[in-house]
Amino acid sequence: MLWIVLLKRKRSKMSLSVKYKAKLLINKGVALYIGSSSQTVFHKHYVLQLAILVRGDYQVYIGDNIHINRSIYINSEVRHKHSCENGIHFSLFIEPMSNLGKCLREKYPSNYVLLDVDLNSVKGFYQQICNNEVGIKEMEEWIVKVFALKPNAKKTDPRITKLIEQIEDFEHENKNVSDLLSNIHLSESRIRHLFKEHTGISIKRYCLWAKVRKALYYITQGENLSQAAYHAEFSDYPHLSRTIKKMFGLNLKTLLQDSHSVQEI
């Protein structure tokens, strides 16, 4: 999934009912947020995060450590919070099972790494985004170049790949996780262990992430927040918003209020 939030005020054909300041675009595998956000609460998410400072003030809190005006890589499921009220940064959210995610996890296995990123490259990339000159291919090429990533040859167990595909299509309502495992020829305890070994999280938590992605997709299709929550099989909008807050440190309306529109690409 690719989210792009840009600092611009032009109204999109898929704009939401609330007036927003930026734009959110969605695709597969990678997400990109650009802007200045209020301080989040502590949270953790499945996706990997590259938070890169463009200019101004940016603080990241991980445990008892505070990192000021530094770009940073944050691994999956690492508890953190951040603040960027007087500056601009962009955060790339990358699914760990994507090719790009595998490369990043291979290079940065620790919980987090402070990064030294060439500022001219950052500003040039930022300008390209503002000029709508960057597509998925160009963005991934930029990430690979800036962070000197090498191809990851590690293969995912085909049974895990199959299970992930099933999760993407799974109707969660009135079903439980065990229903997903009936076509995998392993014991339930073994497949759960193998899944966590490959992805870093439990099957249940991955299912929750898949539901959040679905909700965001429905928002891109012009559904209001309650409709998106319902179609993604959350019990109601507050349930979706609470889940978003646990994952990204802000409730859904606050997360979206910095953006002018939401759009799929």
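Yes/no per residue for (1) in contact with a strand residue (DSSP E or B) (Cβ under 9 Å, 6 or more places away or on another chain); (2) open to solvent by 20 Å² or more (accessible area, probe 1.4 Å); (3) assigned to a loop (DSSP other than H, G, I, E, B):
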site	(1), (2), (3)
Phe93	yes, yes, no
Leu104	yes, no, no
Val117	yes, yes, yes
Lys123	yes, yes, no
Ile129	yes, no, no
Lys145	no, yes, no
Q.
So, Glu77, is that one assigned to a loop (DSSP other than H, G, I, E, B), among the acidic types (Asp, Glu) and on the phi > 0 side of the Ramachandran plot or not?
A. yes
Q.
Filter region 64-74 down to the residues that are open to solvent by 40 Å² or more (accessible area, probe 1.4 Å) and either out of contact with any strand residue (DSSP E or B) (no Cβ under 8 Å at 6 or more places or on another chain) or in a strand (DSSP E or B) (or both) and list them by number.
A. Asp64, Asn65, Ile66, Ile68
**Q.** Count - residues of region 210-237 that are polar (S, T, N, Q) and either in contact with a strand residue (DSSP E or B) (Cβ under 8 Å, 6 or more places away or on another chain) or closer than 23 Å to Val177 by Cβ (or both)
**A.** 3
Q) Based on what the data block shows, is Ile167 in a helix (DSSP H, G or I), of a type outside the set (D, E, K, R) and over 20 Å from Leu104 (Cβ atoms)? A) yes
Q) Hey, Leu92 hits all of (1) of a type in the set (A, V, I, L, M); (2) modelled with pLDDT of 90 or more; (3) closer than 30 Å to Lys204 by Cα but one; which does it fall short on? A) (2)
Q) Going by the structure shown, is Thr220 open to solvent by less than 70 Å² (accessible area, probe 1.4 Å), closer than 20 Å to Ile94 by Cα, modelled with pLDDT of 90 or more and of a type in the set (Ser, Thr, Tyr)? A) no
Q.
Please count how many residues of region 188-200 are open to solvent by 60 Å² or more (accessible area, probe 1.4 Å) and in contact with a Leu (Cβ under 9 Å, 6 or more places away or on another chain).
A. 2
Q | Among residues of region 132-143, those that are outside any loop (DSSP other than H, G, I, E, B) and in contact with a strand residue (DSSP E or B) (Cβ under 9 Å, 6 or more places away or on another chain), counted | A | 4
Q: Please state which one of Lys150, Lys214 is at pLDDT 85 or above and either in contact with a His (Cβ under 8 Å, 6 or more places away or on another chain) or part of a helix (DSSP H, G or I) (or both).
A: Lys214
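The values are calculated or read from the model by the stated rules, or taken from the named source; none is laboratory data. What you see is a predicted model; the values in this text were computed from it and never measured. Every residue, glycine as well, gets a Cβ built from its backbone with ideal geometry; the counts of neighbours run over all protein chains shown. Note: accessible area is taken over every heavy atom of the protein model, side chains too, but ligands, DNA and RNA are not part of it. Shrake-Rupley method; radii C 1.70, N 1.55, O 1.52, S 1.80 Å.
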